[in-house]
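The values are calculated or read from the model by the stated rules, or taken from the named source; none is laboratory data. Predicted, not measured: the structure shown is a model, and the values here were computed from it. Positions of Cβ are backbone-derived with ideal geometry, glycine not excepted, and every protein chain shown enters the neighbour counts.
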Amino acid sequence: MSHKSEPLATPVQAGTSDLAARFTREFGGRPDGIWQAPGRVNLIGEHTDYNEGYVLPFAIDRTARVAVAVRPDATVRLLSTYGGQGTVSASLDGLQPRSAKGWTKYPLGAMWALRERGIDVPGIDLLLDSNVPLGAGLSSSHAIECAVITALNELTGAGLQAQEMVLATQQAENDFVGAPTGIMDQSASLRGARGHAVFLDCRDQNASLVPFETEPAGLVLLVIDTKVSHSHADGGYASRRASCELGAEVLGVKALRDVQVGGLEEASGLLDEVTFRRVRHVVTENDRVLQTVELLADRGPSAIGHLLDASHASMRDDFEISCPELDLAVETSRAAGAIGARMTGGGFGGAAIALTPAGEEQKVRNAVAKAFAKAGFAAPDIFTVSPADGAMRIA
Ligand code: GLA
């Protein structure tokens with residue numbers, strides 16, 4: 001975990017014609033097209049995906065856009081509007097897991113995973129422009145991978161379905177990038193739809209769209225980016241995953257998805273204290289996802305606040321993946337009028353979400369900014385998000 005803020009975390013996104021013009025200036029020639037894929041906010045269901053459980057994320061109205069042109073050779077040239085690395089060149093034939101640096105590991109990982117599937121991936125020139133904040137727990141990396149894989153799926157005529165693209169991006173993350181993550185983020189980015197959350201069963205990838213709109217309920221969903229950057233390739237995420245696998249093994253189940261809330265008492269006698277708390281988080285979190293889906297259908301978003309709160313407490317106390325900045329964001333926004341709040345994403349930094357009555361939005365923003373300043377934390381970035389469409393071609 002590091003406490004430095006990333007450069008150009010939320011740049012203004014170029015329009016498609018500006019991006020195409022920039023592509024032409026940088027690479028010569030016109031792009032074959034421009035594709036975009038969104039970041040995601042997870043409404044609820046954290047660290048349940050790799051336990052074959054349930055998640056309820058949604059695609060957000062912030063996207064990674066890639067302008068791409070196929071090349072006649074096996075060279076890949078990558079450039080981003082973030083600045084930083086300049087144009088990076090790589091050879092498709094030389095792609096090795098864990099060899100790429102910075103943001104280029106995401107497009108290269110996506111290309112590598114497609115090649116692993118026997119797809120004849122061509123060399124490309126690619127210009128990336130993203131306004132998904134980096135390292136904020138909103139899945140900026142999956143947004144890039146999903147934009148690239150959507151572009152290549154079309155450009156190669158591979159005809160992959162969403163499920164297969166989800167698995168390819170997971171392979172890119174797990175093996176090429178080296179982050180042992182699940183399937184939630186890319187599922188939201190590829191399958192999201194405006195006005196909906198994606199209710200995903202991570203055992204069989206069965207997905208259904210659940211209406212989730214804050215505005216008609218008089219609410220806004222605030223994202224509070226704590227600017228504490230995190231990486232799932234660091235040890236914390238992997239060690240939580242290992243505890244879950246240990247728990248499942250000792251309990252004799254295929255995955256923690258198979259343990260019910262009613263089975264926790266028995267589990268407590270079989271597991272060491274720490275493993276039990278890790279297991280209890282996953283089991284109760286799965287249950288909270290199911291309750292959230294039911295409540296959204298019956299009573300709408302204003303009924304789910306207590307489940308967001310309980311999810312945060314479980315991650316703070318049982319799974320131990322929160323941090324002081326996330327706890328402060330959650331506590332302060334609740335005290336200032338939010339009806340429910342929790343950290344979102346893998347943890348150890350990143351962002352919190354606060355479901356807030358529209359009339360209290362400014363009060364919550366002010367209270368959080370003030371509390372962060374008082375605590376000596378970096379100023380958080382606070383913005384609203386709403387459920388948006390998943391990956392698509394835009395030009
Ligand atoms: C990260 C991973 C996801 C998921 C979440 C925690 O975002 O990429 O697969 O495990 O953490 O819910």
Only residues that are aromatic (Phe, Trp, Tyr) and surrounded by fewer than 24 Cβ atoms within 10 Å (Cβ to Cβ): list them for segment 27-53, please.
Phe27, Tyr50
Can you find even one residue in segment 272-292 that is in a loop (DSSP other than H, G, I, E, B) and surrounded by 20 or more Cβ atoms within 10 Å (Cβ to Cβ)?
no
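Going through Ser99, Ser89 one at a time, which residue ends up being over 26 Å from Leu19 (Cα atoms) and among the hydroxyl-bearing types (Ser, Thr, Tyr)? Step through it out loud before you land on a result.
Details: Ser89 fails: over 26 Å from Leu19 (Cα atoms).
The conditions single out Ser99.
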What single numbered condition from (1) aliphatic (A, V, I, L, M); (2) farther than 24 Å from Leu222 by Cβ; (3) out of contact with any helix residue (DSSP H, G or I) (no Cβ under 9 Å at 6 or more places or on another chain) fails to hold for Val279?
(3)
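Matching residues to (1) hydrophobic (A, V, I, L, M, F, W, C); (2) assigned to a helix (DSSP H, G or I); (3) at pLDDT below 95:
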residue	(1), (2), (3)
Phe23	yes, yes, no
Asn42	no, no, no
Val66	yes, no, no
Pro72	no, no, no
Tyr82	no, no, yes
Gly86	no, no, yes
Ala90	yes, no, no
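Looking at Leu108, Leu126, can you tell me which residue is out of contact with any Asp or Glu (no Cβ under 9 Å at 6 or more places or on another chain), assigned to a strand (DSSP E or B), in the same structural domain as Ala20 (by TED's automatic domain parsing) and within 24 Å of Gly159 (Cβ to Cβ)? Even if it seems obvious, please write down each step before you answer.
Values: Leu108 fails: assigned to a strand (DSSP E or B).
Result: Leu126 is the single residue among Leu108, Leu126 that is out of contact with any Asp or Glu (no Cβ under 9 Å at 6 or more places or on another chain), assigned to a strand (DSSP E or B), in the same structural domain as Ala20 (by TED's automatic domain parsing) and within 24 Å of Gly159 (Cβ to Cβ).
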Name the single residue, out of those in segment 168-185 being in contact with a Lys or Arg (Cβ under 9 Å, 6 or more places away or on another chain) and assigned to a helix (DSSP H, G or I), that is farthest from Asp234 (Cα to Cα).
Ala168
Matching residues, segment 200-235, being within 17 Å of Ser139 (Cβ to Cβ), within 16 Å of the ligand (Cβ to nearest atom) and outside the structural domain of Met165 (by TED's automatic domain parsing):
Val223, Asp225, Thr226, Val228, Ser229, His230, Ser231, His232, Ala233, Asp234
So for segment 179-199 (the condition being more than 13 Å from the ligand (Cβ to nearest atom), under 16 Å from Leu108 (Cβ atoms), at pLDDT 95 or above and over 16 Å from the mean Cα position of the chain (by Cα)), does at least one residue qualify?
no
